[in-house]
Amino acid sequence: MSKSVLSLRDVRVEYGGRSVLEVPALDVCSGEVLAVIGPNGAGKSTLLQVMAGLRSPGAGVLRFRGQTVRPGDLGYRRRIALVLQDPMLLDASVLTNVTLGLRFRRWPRRKAVGRAMGWLERLGVAHLAHRSARTLSGGEAQRVSLARALVLEPELLLLDEPFSALDAPTRAALLDDLQGLLRETRTTTVFVTHDQDEALRLGDRIAVLLGGRLRQLDVPERVFAAPADAEVAAFVGMETILTGRVVAVENGMALVQVGSQRVEVPVTAGMRPAGPEPVPPLQEGSEVLLGIRPEDVTLAPGETPLLPSSARNRFRGRVTRVVPQGRLYHVTVACGFPLVAVVTPRSVRELALREGREVVVAFKATAVHVIRR
Amino acid sequence: MEVVLEGLQQALWLILRRDPAVVEITLRTLQVSGTATLISLLLGVPLGTALALGRFPGRRLVVSLVNTGMGLPPVVVGLFVALMLWRSGPLGRLGLIYTPLAMVIAQAVIAAPIVAGVSLAAIQQLDPRLHLQLLGLGASRGQLVLVLWWEARRSLLAAAMAGFGGAISEVGASMMVGGNIVGQTRVLTTATVLETSKGNFDLAMALGLILLLLAYLVTLAMTWLQQSGRTG
């Protein structure tokens, strides 16, 4: 693992006598995007405020590049930048807003304007520079808010649900651009979201926060494929996450090589609904993550011949695990890759599902959730 | 109705003729109340801001005192300031009683709580997340306050207008600490009172109208400032 930029140790935040955040250990590594996911009220924003040095933890330490950060530490605050869900722009011109952080750092105006224009350009909103920030649309305002943070070229960028107030096409377009900028600048980033898609798109690692506790911290594939516990599993929903590469495109379908198998998905999968610049269809060589929800997978006895079916993806495999979860069973099948299916107790009985049982798994091409990397 | 019309006529006449006594009283009114407003802003805005942002024991008590102060009876202020400045009073050696400066002090005491109260509400009305955002962009405590004032500038101008209104319309305290001395401490309100008591209703009416006009023009200028660049 690369060098830790920010580390939290035994951090505990209490509010009204109740513990709202407990993080025994968390490190943000140089150049990575750490996505923090969790439902509303899980303590994500509290965590981010602690990381920003804006909220003092009742207990524990925050270290930035080895130095202890005291709450309110101005020197530390001037090395990071924070973006909130609401853009919180000042009632002034866009340019004044974007130069604000640089002016706090006592940059001369001319120099600050030059750098601000560069970042407005990179976020595609340079034409708005002299507009009043009050006249912007939601998407424009959030782009300006991102420019205002990125212009500081922070050593650590903290994003608190920056897209959740935006409509789907605007969100998708901004997500694309941010992904590109973060990759290009290698900015160390903590990205808080309740949206698993966003986390998968941006996150190099994912931290799952439930009820104020850090429940799992791992690469996306493992968080989704091997949730630490039942609650994490219930929150992430998608249990099968596969990395693959498109090896062929024919008749509107893309074949994705995953382990020793090929999974068929529509070439239009993962395209954004209606952005200003639509993403092109999947092409040969595209790197993708495939998410398959366990309820979309059907199981048949292993003796079944692989007859043509509307479920484009059919594989022979062997059951490796049967775990009861609530009133249902989660069955893991090794079929060239691990695939999780959820079935009723009756199916478990009738198909005699147990470890080692040969089965045929099937899921529709359109049930595959494609996330472009 | 006749008195009103005659007053109006005489007011116009006095203005057009630039009656030296009236011009002098008007300028002094502007000077005294303007200075008092300025002082009340210097005291009231920081106090209101500190009360809006600060967390300290007894904060609520201070806020309630400021709110009460917004309706402070000028006569009580006049009495208190007069007692302080009276030749035998604690500040008597300064020799301020019956000077314009004494009136400035009294009017500033009246206007400061108004300014503080409105400023407090103005700063409190800003989204608390704005503080987080500004601190998260590296603002120092002082820079945070300056930006918050910028964001609340329209409400702060309203505070200035309210403070000026309180100062310029006040008569009791000015009379008590200024003494309504011709050529020295006579202002529009005290002159109006005097002329009314003498039965010169038309002159009183004229002075009253000039006072109204003055208050209106100053407020108009501030309103223009307040509403400029407003986008909706």
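The values are calculated or read from the model by the stated rules, or taken from the named source; none is laboratory data. What you see is a predicted model, and the numbers here were worked out from it, not measured in a lab. Every residue, glycine as well, gets a Cβ built from its backbone with ideal geometry; the counts of neighbours run over all protein chains shown.
In table form, for the structure just shown:
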{"quantity": "Cβ-Cβ under 6 Å pairs, at least 6 apart or on other chains, the range B:162-188 side free of Cβ contacts under 8 Å to residues at least 24 places away in the same chain, far side of a type outside the set (D, E, K, R)", "calculated": "B:N180/B:T190"}
{"quantity": "Criterion violated by A:A81 - all others in (1) in a strand (DSSP E or B); (2) surrounded by fewer than 16 Cβ atoms within 10 Å (Cβ to Cβ); (3) at the interface with chain B (Cβ under 10 Å from one of its Cβ atoms) satisfied", "calculated": "(2)"}
{"quantity": "Of all residues making up the range A:19-67, the number that are under 16 Å from the mean Cα position of the chain (by Cα), closer than 24 Å to A:E153 by Cα and not hydrophobic (A, V, I, L, M, F, W, C)", "calculated": "4"}
{"quantity": "Qualifying residue in the range A:36-56 (condition: part of a helix (DSSP H, G or I), out of contact with any Pro (no Cβ under 9 Å at 6 or more places or on another chain), without any contact (Cβ under 8 Å) to a residue 24 or more places away in the chain and within 14 Å of chain B (Cβ to nearest Cβ))", "calculated": "yes"}
{"quantity": "Qualifying residue in the range A:344-358 (condition: at pLDDT 85 or above, surrounded by 17 or more Cβ atoms within 10 Å (Cβ to Cβ) and assigned to a strand (DSSP E or B))", "calculated": "no"}
{"quantity": "Selected residue (criterion: modelled with the highest pLDDT) from residues of the range A:280-289 that are more than 18 Å from A:R312 (Cβ to Cβ) and not in a loop (DSSP other than H, G, I, E, B)", "calculated": "A:E287"}
{"quantity": "Exclusive hit being at pLDDT 95 or above, in the same structural domain as A:D86 (by TED's automatic domain parsing) and in contact with a Phe, Trp or Tyr (Cβ under 8 Å, 6 or more places away or on another chain), set A:L150, A:L128", "calculated": "A:L150"}
{"quantity": "Segments classed as helices (runs of 4 or more DSSP H), wholly inside the range B:13-100, with at least 1 members that are closer than 16 Å to B:G179 by Cα", "calculated": "B:20-53, B:74-85"}
{"quantity": "Unique residue being touching a residue at least 40 places away in the same chain (Cβ under 8 Å) and either surrounded by fewer than 21 Cβ atoms within 10 Å (Cβ to Cβ) or touching a strand residue (DSSP E or B) at 6+ places or on another chain (Cβ under 8 Å) (or both) when the list is A:L166, A:L217", "calculated": "A:L217"}
{"quantity": "The one condition in (1) part of a strand (DSSP E or B); (2) surrounded by fewer than 15 Cβ atoms within 10 Å (Cβ to Cβ); (3) within 14 Å of chain B (Cβ to nearest Cβ) that A:G72 fails to fulfil", "calculated": "(1)"}
{"quantity": "Test: residue in the range B:119-133 that is touching a residue at least 60 places away in the same chain (Cβ under 8 Å) and basic (K, R)", "calculated": "no"}
{"quantity": "Only one of A:E14, A:E32 that is surrounded by fewer than 22 Cβ atoms within 10 Å (Cβ to Cβ), under 18 Å from A:L209 (Cα atoms) and more than 14 Å from chain B (Cβ to nearest Cβ)", "calculated": "A:E14"}
{"quantity": "Selection from the range A:23-65 of residues that are basic (K, R) and touching a Gly at 6+ places or on another chain (Cβ under 9 Å)", "calculated": "A:K44"}
{"quantity": "Criterion: buried (at least 23 other Cβ atoms within 10 Å of the Cβ) and at pLDDT below 95 - qualifying residue of A:G101, A:G53, A:G60, A:G66", "calculated": "A:G53"}
{"quantity": "Selected residue (criterion: surrounded by the most Cβ atoms within 10 Å (Cβ to Cβ)) from residues of the range B:108-133 that are in a helix (DSSP H, G or I) and at the interface with chain A (Cβ under 8 Å from one of its Cβ atoms)", "calculated": "B:Q133"}
{"quantity": "Condition met for B:A139 (crowded, with 18+ Cβ neighbours inside 10 Å, modelled with pLDDT of 95 or more and either more than 10 Å from every other protein chain (Cβ to nearest Cβ) or within 22 Å of B:L51 (Cα to Cα) (or both))", "calculated": "yes"}
{"quantity": "Any hit, the range A:301-322, residues being more than 32 Å from the chain's Cα centre (by Cα), assigned to a loop (DSSP other than H, G, I, E, B) and modelled with pLDDT of 90 or more", "calculated": "no"}
{"quantity": "Qualifying residue in the range A:213-225 (condition: more than 23 Å from A:T193 (Cα to Cα), within 21 Å of the chain's Cα centre (by Cα) and at pLDDT 85 or above)", "calculated": "no"}
{"quantity": "Among the residues listed as B:Q9, B:Q31, the single one being surrounded by fewer than 17 Cβ atoms within 10 Å (Cβ to Cβ), polar (S, T, N, Q) and in contact with an Asp or Glu (Cβ under 9 Å, 6 or more places away or on another chain)", "calculated": "B:Q9"}
{"quantity": "Search result, residues across the range B:202-232 that are within 14 Å of another protein chain (Cβ to nearest Cβ), assigned to a helix (DSSP H, G or I) and loosely packed, with under 13 Cβ neighbours inside 10 Å", "calculated": "B:Q227"}
{"quantity": "Residues of the range A:106-139 satisfying the condition of being closer than 21 Å to B:R129 by Cα and within 22 Å of the chain's Cα centre (by Cα)", "calculated": "A:G138, A:G139"}
{"quantity": "Of all residues in the range A:84-95 being more than 7 Å from every other protein chain (Cβ to nearest Cβ) and assigned to a loop (DSSP other than H, G, I, E, B), the one that is surrounded by the fewest Cβ atoms within 10 Å (Cβ to Cβ)", "calculated": "A:A92"}
